[in-house]
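Trainee: This is the structure, below, for whatever I ask next.
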Amino acid sequence: MSKKIACVITDLFEDIEYTEPVNAFKDAGHEVVTIEKEKGKVVQGKQGETEVEIDASIDDVKPEDFDALFIPGGFSPDQLRADDRFVEFVKPFMADKNKPVLAICHGPQLLITAKTLEGRMATGYKSIAQDMINAGANFKDEEVVVCHNDLVTSRNPNDIPAFNRESLKVLNG
């Protein structure tokens with residue numbers, strides 16, 4: 001069954017952490033909707049290899065419009081978590097066990113600010129490990145961590161194959 005996936009993203013996302021999962025999701029028949037502050041804006045990856053045109057403004061979407069949430073890494077999640085609209089947008093996904101959350105590298109920074117990691121097993125980029133622990137996560141230094149079959153996290157670009165594999169398992173139910 002095809003899922004509609006919200007992807008919160010802004011400038012300086014990690015190119016490959018967006019492109020490879022999105023390609024895998026689309027190849028599996030899922031729809032990915034990019035969300036930023038401004039619909040139609042073109043955001044740039046931090047490697048300068050990828051440009052993404054934004055499908056929807058954060059002001060025009062609701063969590064209930066989507067089946068899952070994807071948060072690519074890079075500097076994007078750190079910027080988004082400074083905006084309360086994005087923080088409030090991610091909370092319902094973490095509260096609803098039927099809505100997978102897929103976050104790679106620095107992606108969990110948005111979940112930390114949303115105060116949604118307490119008691120959850122998760123991983124992320126090494127530099128945010130202590131932040132995740134301080135937020136109450138049971139941090140695992142593993143290529144991919146799946147918690148309650150609804151939260152999939154990975155550490156870095158090297159983990160993308162495992163991240164994609166486990167994300168698709170969760171999405172395909």
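The values are calculated or read from the model by the stated rules, or taken from the named source; none is laboratory data. In this text, all values refer to a predicted model and were calculated from it rather than measured experimentally. Glycine also receives a Cβ, built like all others from the backbone with ideal geometry; neighbour counts cover every protein chain displayed. Note: accessible area is taken over every heavy atom of the protein model, side chains too, but ligands, DNA and RNA are not part of it. Shrake-Rupley method; radii C 1.70, N 1.55, O 1.52, S 1.80 Å.
Trainee: For the modelled label position 7 Å from the Cα of ASN138 along Cα-to-Cβ, which residues of the range 100-129 have backbone nitrogen atoms closer than 15 Å?
Mentor: 117-123
Trainee: Continuing with this model, one more query. Quantify, in whole percent, the carbon and sulfur part of the accessible surface of the chain (1.4 Å probe; protein heavy atoms only).
Mentor: Values: 3370 of 7730 Å².
So the carbon and sulfur contribution to the accessible surface is 44 percent.
Trainee: Just read off the accessible area of SER2 with the full protein assembly in place, 1.4 Å probe, to the nearest 10 Å².
Mentor: 70
Trainee: So if R0 is 22 Å, what FRET efficiency would LYS115 and GLN47 give, r being the distance between their Cβ atoms, rounded to the nearest 0.05?
Mentor: 0.10
Trainee: Among LYS39/LYS126; LYS62/LYS99; LYS4/LYS41; LYS39/LYS169; LYS26/LYS62; LYS4/LYS140, which pairs are too far apart, with a Cα-Cα distance over 23 Å?
Mentor: Details: LYS39/LYS126 32 Å; LYS62/LYS99 13 Å; LYS4/LYS41 21 Å; LYS39/LYS169 30 Å; LYS26/LYS62 21 Å; LYS4/LYS140 28 Å.
From the list (LYS39/LYS126; LYS62/LYS99; LYS4/LYS41; LYS39/LYS169; LYS26/LYS62; LYS4/LYS140), the Cα-Cα distance tops 23 Å for LYS39/LYS126; LYS39/LYS169; LYS4/LYS140.
Trainee: Considering the options THR113, PHE75, THR123, tell which one lies farthest towards the positive end of the dipole of the range 63-173, charges being +1 on Lys and Arg and -1 on Asp and Glu at the Cβ, about the Cα centre.
Mentor: Toward the positive end, the furthest listed residue is THR123.
Trainee: Still on this structure, I have one more. For the chain, take the convex hull of the Cα atoms, compute a quarter of its surface area, and give me that in nm², please. Working shown, then result.
Mentor: On the way: hull surface 33.2 nm².
Projected over every direction and averaged, the Cα hull of the chain covers 8.3 nm².
Trainee: Using a probe radius of 1.4 Å on heavy atoms only, what accessible surface per residue do you get for the chain? Whole Å² is fine.
Mentor: 45
Trainee: Taking the simple approach of a point 7 Å from Cα along Cα-to-Cβ for both LYS91 and SER127, what is their distance in nm?
Mentor: A separation of 2.8 nm, rounded to one decimal place.
Trainee: Here's something else I'd like to know. Using only alpha carbon pairs under 8 Å that are at least six residues apart, calculate the relative contact order of the range 52-126 and give it in whole percent.
Mentor: 34
Trainee: On to the next question. In percent, what relative contact order does the chain have, based on Cα pairs under 8 Å that are 6 or more apart in sequence?
Mentor: 21
Trainee: Using alpha carbons only, what's the Rg to Rh ratio of the range 69-139 with Rh from Kirkwood?
Mentor: 0.92
Trainee: Further question: Is the range 113-173 best put as rounded, prolate or oblate by its Cα gyration tensor, with a ≥ b ≥ c the root eigenvalues, rounded for a/c under 1.5, and otherwise prolate when a/b is larger than b/c, oblate when not?
Mentor: Since a/c reaches 1.5 but b/c is at least a/b, the shape of the range 113-173 is classed as oblate.
Trainee: Follow-up. Quick one: among VAL42, VAL145, VAL22, which has the greatest mean-square fluctuation in a GNM of the chain with alpha-carbon springs under 10 angstrom?
Mentor: Residue with maximal mean-square fluctuation among VAL42, VAL145, VAL22: VAL42.
Trainee: Please report, for the Cα atoms of the range 28-115, the Rg to one decimal and the Dmax as a whole number; what are they, in angstrom?
Mentor: For the range 28-115, the Cα radius of gyration and maximum Cα-Cα distance read 12.5, 35 Å.
Trainee: Using alpha-carbon positions, what is the distance between the centroids of the range 123-173 and the range 83-110, in Å?
Mentor: 13
Trainee: Would you list MET121, MET1 from the most to the least accessible area, probe 1.4 Å? Show your work: numbers first, answer last.
Mentor: Values: MET121 70, MET1 190 Å².
Descending order: MET1, MET121.
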